[in-house]
Structures are given as structure tokens and as C-alpha cells.
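Structure record follows, encoded as C-alpha cells.
Only the coordinates and a few stated rules stand behind these numbers; no lab work does. What you see is a predicted model, and the numbers here were worked out from it, not measured in a lab.
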Amino acid sequence: MVKFCPECGGSLSFDGITKNFICKGCGLFAPREKIEELHEKINTREQRNKSEDYLEWWQSSKKEKKENF
């Protein structure tokens, strides 16, 4: 179940007439499928960023690794 806005993190409410979610913070108005798609894009982007950060750390020198930890 979708509970927060993928754009601003605000609270979502469901409009039974239009069958869309409405964000109370930024006004995003979209069906459940679109909201879930946006959440999936955010999760994929975050996962990719974690992988890129790890790869960058792995490729750095030992000296740089010791400085970061």
C-alpha cells in the first residue's frame, strides 16, 4: 500500500471518485500504478547509487579507505 508521496514525501490520500492518490504536500495527482512506478524508480536509483559508491570506495587506494573510515 502506498503511504507517502514519491515526489515530496508528503501524506497521500485516496480519492474514491477519480480512483487517484492526491498528495497533501505537493499536489501530485496520480493513480496507484503511477505512484508505484515512481517509488520503484526511486528505489532503483538509490540502489544504483549505493553500488556506485561501493565501487568508487573499492577502487580507491588503501590510504583513502583508511581516511574515510
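The stretch between Cys8 and Arg45, if pulled fully straight at 0.36 nm per residue, gains 11.7 nm over its current Cα-Cα span. Across the chain, C-alpha contacts under 8 Å between residues 6 or more apart give a mean separation that, scaled by the residue count, equals a relative contact order of 20 percent. Compared with the dominant principal axis of the Cα atoms in the chain, helix 32-59 is inclined by about 10°. The three principal axes of the C-alpha atoms in the chain carry coordinate ranges of 60, 19, 16 Å, sorted with the longest axis first.
In the chain, the DSSP-assigned H stretches of four residues or longer account for a calculated mean residue ellipticity at 222 nm of -17000 deg cm²/dmol, using -39500 (n - 2.57) per stretch and the full residue count as denominator.
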